[in-house]
Structures are given as structure tokens and as C-alpha cells.
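*Asks:* Quick one: this structure, given as C-alpha cells, is what I'll be asking you about.
The values are calculated or read from the model by the stated rules, or taken from the named source; none is laboratory data. On a predicted model such as this, the values are computed, not experimentally measured, just so you know. All Cβ positions, even for glycine, are placed from backbone atoms using ideal geometry, and neighbour counts span all protein chains on display. What goes into the accessible areas is simple: the full protein's heavy atoms, side chains included, and nothing from ligands, DNA or RNA. Shrake-Rupley method; radii C 1.70, N 1.55, O 1.52, S 1.80 Å.
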Amino acid sequence: MPKRLHPKSLENTIMHYCPGCSHGIAHRVIAEVIDELGIEGKIVGIASVGCSYNNYLYFKFDMQQAAHGRAPAVATGVKRVHPENVVFTYQGDGDLAAIGTAEIIHAAARGEKITTIFINNAIYGMTSGQMAPTTLIGQVTTTSPLGRDTSLQGFPLKMSEILSQIDGAVFVERVSMHDVKHILSAKRAIKKAFKVQMAGLGFSIVEVLSTCPTNWRLSPVDSAKWVEDNMMEYYKLGNYKGAELEV
Amino acid sequence: MNYEIIIAGFGGQGILSAGRIISVSAILEGKNTTWFPSYGPEMRGGTANCHVIVSDGEIGSPIINNPDVLICMTKPAIDKFESYVKNTGFILADMSLVGEDKIKSSKKQIFSIDAAKKAGEMGHKAYAMLIMIGKLIKETKIFKPETVEKALYEVLKPELHRLIPDDMAALAMGMEM
Amino acid sequence: MPKKVLIKGNEAIGEAIIRAGCRHYFGYPITPQNELTNYMSKYMPEAGGVFIQAESEIAAINMVYGAAGAGARAITSSSSPGISLKQEGISYIAGAEVPAVVVNVMRCGPGLGGIMPGQSDYFQAVKGGGHGDYRNIVLAPNNGQELYELTVKAFDLADKYRVLVMVMADGALGQMMENVEFKDKETPYKIDKPWATTGSGMKRKKNYITSVYINPDELEAVNIRLQAKYKEIEKEEVLFEETDCEGADIIICAYGLAARITRNVMKLAAEESIKVGLLRPITLWPFPKDAVGSLADKTDVIMSVELSAGQMVEDVRLAVNGKKPVHFYGRTGGNLPTQKEILNEIKRVLEKEVK
Ligand SMILES: Cc1ncc(C[n+]2csc(CCOP(=O)(O)OP(=O)(O)O)c2C)c(N)n1
Ligand code: SF4
């Protein structure tokens, strides 16, 4: 069972994430992909601001911590110095789709040869459950106590759909990590996104529908079901761009 | 009158609420009070503590360096705070959660209270903190036990008000210990 | 009679915002001020006001610029890293002379730093922060009651002088609960805002709000007017509290949480027959220069105690102007100085300075 081995690119430590949180799974999947591609020596990750702010403690390769929302700009700097390296950002929905909207759009517009792993859990985890740009209509959060009301708080942002409109973005896929089947296809997407970057084709992003049992106030099992029943309804899984690319 | 109290244990034990019950009781008796919770990275580790000051006069720092009273609901909590307790002060330690050995070896004045177990027998672990507050009242006369009842109505969510008679029974039990 | 309530510092600010008649709050989550944003999301709509969780701190401060420019009382709140992002907007607000209020519940830096209490944004708050020659009034509450009262006052000062007023607290004051007495009714300072972008209604000449002046003479005239206004504020609005300074062995200058810790140190020191005085600036700008300067006549040693690596101490030194030695003690990273630590430092300094 080689799959169960601890990935080389992941430190052997206990992560601080809550039980049932997708962050830990996403870390493992990314580490496995990096191992399989054999790029541990030339991968550089950019940590953002959110619950994963310190994931440089968990990945076993070079990383740089960025200010809230600015990871794609930091990644741009890192990539332009060493174009032969593989550079990725790891960002939550508050980070990427609220404060960092300009940076992600323009990294895509430049066709920046970086990869973004976008953890969409429909909430601000780190700061105790405020509304995120991706919070679903009607969803109760600490800053939408009566549920997200479109007349006051507008509509959830579909980042994969938006980014796929940009010419510089060549690979865009939305996946989920709420069960094994979906984790496996998420892994295939992440691997392809890195390969697209390595082939020098342009900007690639994988949006991962994720859980935050703590702030959703659901059990891990109910959280997985919530992804299936609610998030996947609004955020359709699938490839939005670049399925045909041979890499 | 000036009491500086640290309450320490794990999240979910009602540590922060117990502090609020003490603070609200203090206000109801016309005293000044501060309540300062642990927040941030400490919380993720599962520990919870709060610093509560009750005073007739103006309160300086809300952060307590040397408590008059330490209420301990776990062993790590007593390990962390024991040495800071004033020589004139005392510790209320939960017998089963802190452990007899630890309690016996303490160099401070310490009361071993069988709160968690008694609360379990009463049907809810939340009563443990009220047993502790009962003992606190007995040892300090910090405020009248009746005041706690009024405070409970302010602190607890309305759906928990039906439990207040049991809370008061737990308080009375603590005052007997 | 107004009732005493037990309330979190962050929520006391929220209550003040509503009672001061402000109906426009624009925020963005950040620890340790989240309870304020959360409170506003619930109570602002209940009060018939506007709550917006902006997409960033930059957007939030610019929403304030717009709302305040349109004549409303408007406020945003954040903590250190978010306040850094607001600096561009703050500079524009100062340049355009729009009355606005900003709350900073300080954590510690630099960079993403940590979320525990700090006072390391003093320079940023009182020396500018953004670009250009401007000043903000900076209020430094030290308990729940003042968080409430000074936030109410902040709106009045902003309207009176058409300046930005910053309420500067720290993570501990924001997170702690304390007894606070709300007045039954606040009477906000009322002033006409004929300059506001309300739409002319075809009844007056157009209004425009701007901070751009390409003509140097015009821009210099604006700057001269701003400086004159700042002079007046320095004359009229200084606030501080002086405790036991007359004949003290040493006087400590401290604000906010540091001042509260100092108050305990004063008692501790008295037990060892050391007389410690306290001068607590309540307005960090305008800084109580004269009061601090005159401490030199009351004692032989002055010390600034801060939750920083030493920032306000520079203003204390300027005010004392070499007449007496000025020392500093502080902790950083979210660690708070203990009473004993400060007392030991007092003893060390006294030994050195007093023969
Ligand atoms: C400039 C700035 N603003 C605000 C914050 C506070 N903050 C920390 S994490 C976070 C958002 C986290 O949400 P998300 O990106 O969805 O990630 P998650 O925690 O859910 O993984 C915010 C607003 C900050 N650190 N810096
Ligand atoms: S708060 Fe939510 S996103 Fe953060 S670690 Fe916990 S479950 Fe994960």
C-alpha cells in the first residue's frame, strides 16, 4: 500500500487544524502530488492569511508567508526570479476572493506561470466564522446573523467561472475533498495544474470545496454532507478550462 | 475588599462562564469588576482560563500576576499557575481532574473539591463550576449566594433558565464542602 | 439611573457607535476586534443603520470617506495590519477634511505579527502613518467606560474640526469585560455640513470634496489652513490624567493598558516606600506636552512604560527636553510587563539616577 506512506514533502508533525477540516487533507494531497512529480527541490509555496497561515511548518520545501490577499503578487516575484521553479499559492476564500481579488485576477491576466490552490470553505475560519465572499445565500455566519441576504450582502462569487474568462488562465478546475472519490479526482486536477505550470502554459488554479466544521457548527460527518447538499449545488464541480491540454 | 481570581481548565468546562457569573454577581452588589479571557492561539490548544477581579475600589490591570484565589479544573492548569498564588491566598482544585497526588504535594493552601464527580452525579458537568463558586463564597464571603441566582438569569441563555434551581443546589453543595 | 452592565470592550465601542448616532459602519474581520464587527452586524441593522463587511480594509476606509463626505457619521474598525492598509484612505480623508472615526484595537507586529495586545502602532497613529503633512486626533482609552465615552467623543471631535479621530485600544481592552455605565441619552454635537455631497437639490452651488491641488499655491494654502487647525486642536483638546505626581520619586508615563498595570505597580511600590506618580496621556495626539514637560519640576526621574520597543518615550523626551532623565521599559510580542518587572526596573533606575 504505497499510497499510505507519509508523503516526503510533508513534515511529520501534528497539524493545528480542527477535526474534519479539509485543510489537512489538502496539504496531504498537495504533498503527494509534489512527491509524484519529483519536484520537491524546485517547488516554492506561498502561505497566505487564514487558518493555513503557518503551513510552512507542515510542508517540507521552501515557502514564503504573504500578507492577506497578496500571495499571487508574492508568487509572481518568486517565480520571476527563478522561472525554472514551480511556484504555488495556497489561499482561503477570504484571502483570495475578498481582499485579494485584484491580485488573483491580475496574476491570471498576466498569465503568470504559477498555480493557485484555492480553499473555498464558504466562511472566514481563522477569525471565527464571518461571512466570506463565497458564503451561500441564506447561510448564517457571525456577520450575517440572519443568514446571507442578497439585498444587503449580495451574491456569492464563483471564482472558477470568473477566472476562466481570463485569457491568461489556462487551467481552471473546481473539485471537492469531502469524500475519497472526490479527493482522488481533486488530486488528479492538482497534478495537472502543476504540470500546466511546468509546461509554461500560463496560470492554473484548482478551487477546492472544503469544510469548516468548527464555524459551520456541524459535525465532521454533517459537514461533508453539507458540501454535497449545499455547496456543490451552487458551485458546480468540473473543469472550466484546459481539460483538453496534453501535459 | 479586592479579590483577584484565576479560573483555569479546558474549553467546554464552563471556565469563561463561571468568570462571568462572578463578575455579574459583583456588579449586582455594586462592586467593580474585570473579566479577561485567554484568547487566540492558546484557545486552539484547548485550554481556557480567565482572570476575574472583584473590588470595592478602582481596578488597575485586568491581568493578574498573583491571584488570591486559583480555581483549577485540570492538572496542566495547576502546573501553570500554582506558583503565582499569593501566600495569603488559596487554591480550589477539582479532586478527580487535578489528581490527589498533585493536590497533596502542593505547597499552597489548597482545598480539594470533588466537583466534577458530584456534578456528574447531578446529571450535568456544568454544575461543577457552581460547586466551585459555592466554595469560593464560603471561603471569602465575596458576595451573597442569593446574588448568584440573579446573576445566573443575566448570564445564562433563556433556554437554560429552567436549570437555575439545580445550579443553586450545586452552589449550596459547594458551600457545604 | 443608568445601569451598570458587564460588557466586552469591543462591544462597548459598538454600543458607543450606535448611541453617538452613527448609522454607518464599514468593517472587515480581524482579531482581536472581531466582536465589534460581529456586534455591528447585529445591532446596526436593528438601529436602522448600515453595516457592510467590505472586501478589504482599503475598501472599508474608502466607504467611510464616501459616507462621511456625504454628510453622515461614519466609522471603520480594525487592528494593526488592517490599520496599515487604511493609511492611504486616512491620508485622503485628512486632505479632504472629512470628519471620520477609526478604531484600532492593537495587536503586535511587525508584519502579520501576533494577535496578543500591543501598543506598537503609536508612531503610525500620532506621527502620520500615511503620506503628507497631516494629523489625526488619537484617543487612548484605558477601561471599558472610556472605550465607550471616548468613542462617543471621537464623533464629536471629528465633526467639530473636520478631522479623522482614531480611538486606539489594544487586544486586552477589546477582549476584557468590565462594568460600564451607559448614559440614558447621548447628545451628539450637532453641526451643519454644508460642504457635504448630498446632491445639490438645485438649491445651492455644487459641492466637491477633494484632496488634489495641482497648483502649488493652492495646495500650500490648504496646508497652512490644516496646520492652523491642528494648532487650535493642540490648544483646546489635550486630555490627560495625573495621579500622585507631586513629590514622587519617579513618574511613569503610560497610556491604555500599560497605565492600568502601572496603577498596580504604584501600590506595590508604596509598600516599599517608593512614591511612584503616573501621568496618563488620554490624547496621544495632541500629546500633553506641557503636562509632561512640567513633570521635570515634580520629580527627578521619568520613565515611559509601553507595550512596545519604545515609541511614546520619544515624545516624552521631547517634552521633558533634557531637564530630567527619561527612561523606558517595555515588552513586545504580546507579552505584558508584570508588576514586579516594572517595580524592579524602577528600583534599578532610581539607584542609578538618585545618589
Ligand atoms: C490585512 C489583514 N486583514 C485581516 C486579517 C485577519 N484575518 C486573518 S485570517 C482572515 C480570513 C480567513 O479566511 P479565509 O481566507 O477564508 O481562510 P480560512 O481561515 O477559512 O482557511 C482574516 C480576515 C489579517 N490578518 N490581515
Ligand atoms: S476553523 Fe475551520 S478552516 Fe480553520 S482549522 Fe478549524 S475547521 Fe479548518
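*Asks:* Within the stretch A:128-158, restricting attention to residues that are within 10 Å of ligand 1 (Cβ to nearest atom) and under 30 Å from A:LYS79 (Cα atoms), which residue is nearest to the other protein chains (Cβ to nearest Cβ)?
*Replies:* Restricting to residues being within 10 Å of ligand 1 (Cβ to nearest atom) and under 30 Å from A:LYS79 (Cα atoms), the top hit is A:PRO133.
*Asks:* Please go through the stretch A:31-42 and pick out each residue that is in contact (Cβ under 8 Å) with a residue 40 or more places away in the chain and within 14 Å of A:TYR58 (Cβ to Cβ).
*Replies:* Passing the criteria: A:GLU32, A:ILE34.
Here's the yes/no breakdown for (1) open to solvent by 20 Å² or more (accessible area, probe 1.4 Å); (2) away from ligand 2 (no atom under 16 Å from the Cβ):
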{"site": "A:LYS8", "(1), (2)": "yes, yes"}
{"site": "A:HIS23", "(1), (2)": "no, no"}
{"site": "A:VAL29", "(1), (2)": "no, no"}
{"site": "A:ILE34", "(1), (2)": "no, yes"}
{"site": "A:SER52", "(1), (2)": "no, no"}
{"site": "A:LEU57", "(1), (2)": "yes, no"}
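*Asks:* Right, here's the next one. Identify, from the list A:ARG148, A:ARG174, A:ARG217, the residue that is more than 16 Å from the chain's Cα centre (by Cα) and crowded, with 21+ Cβ neighbours inside 10 Å.
*Replies:* Of the residues listed, the single one that is more than 16 Å from the chain's Cα centre (by Cα) and crowded, with 21+ Cβ neighbours inside 10 Å is A:ARG148.
*Asks:* Please list, ordered by first then second residue, the pairs with beta carbon atoms under 6 Å, 6 or more apart or interchain, first in the stretch A:8-30 and within 14 Å of chain B (Cβ to nearest Cβ), second within 13 Å of ligand 1 (Cβ to nearest atom) and part of a helix (DSSP H, G or I).
*Replies:* Pairs that qualify, where the first residue is within 14 Å of chain B (Cβ to nearest Cβ) and the partner is within 13 Å of ligand 1 (Cβ to nearest atom) and part of a helix (DSSP H, G or I), are A:MET15/A:GLY24; A:HIS16/B:ARG44; A:TYR17/A:HIS23; A:TYR17/A:GLY24; A:CYS18/A:THR214.
*Asks:* Quick one: count up the residues across the stretch B:107-160 that are among the hydrophobic types (A, V, I, L, M, F, W, C) and at positive phi.
*Replies:* 0
*Asks:* Here's another thing I want to ask about it. Test A:GLN91 against the stated conditions and say whether it is open to solvent by 10 Å² or more (accessible area, probe 1.4 Å), of a type outside the set (Val, Ile, Thr) and under 23 Å from C:GLY109 (Cβ atoms).
*Replies:* When the stated conditions are applied, A:GLN91 does not pass them.
*Asks:* May I ask you to list the residues in the stretch A:177-214 that are touching a helix residue (DSSP H, G or I) at 6+ places or on another chain (Cβ under 9 Å), surrounded by fewer than 21 Cβ atoms within 10 Å (Cβ to Cβ) and within 15 Å of A:SER160 (Cβ to Cβ)?
*Replies:* None - no residue of the stretch A:177-214 is touching a helix residue (DSSP H, G or I) at 6+ places or on another chain (Cβ under 9 Å), surrounded by fewer than 21 Cβ atoms within 10 Å (Cβ to Cβ) and within 15 Å of A:SER160 (Cβ to Cβ), so the list stays empty.
*Asks:* Give me the pairs: first residue in the stretch B:117-133 and over 16 Å from B:ALA48 (Cβ atoms), second residue aromatic (Phe, Trp, Tyr) and in a helix (DSSP H, G or I), beta-carbon distance under 8 Å, and six or more apart or on different chains, which are they?
*Replies:* B:LYS118/B:TYR127; B:ALA119/B:TYR127
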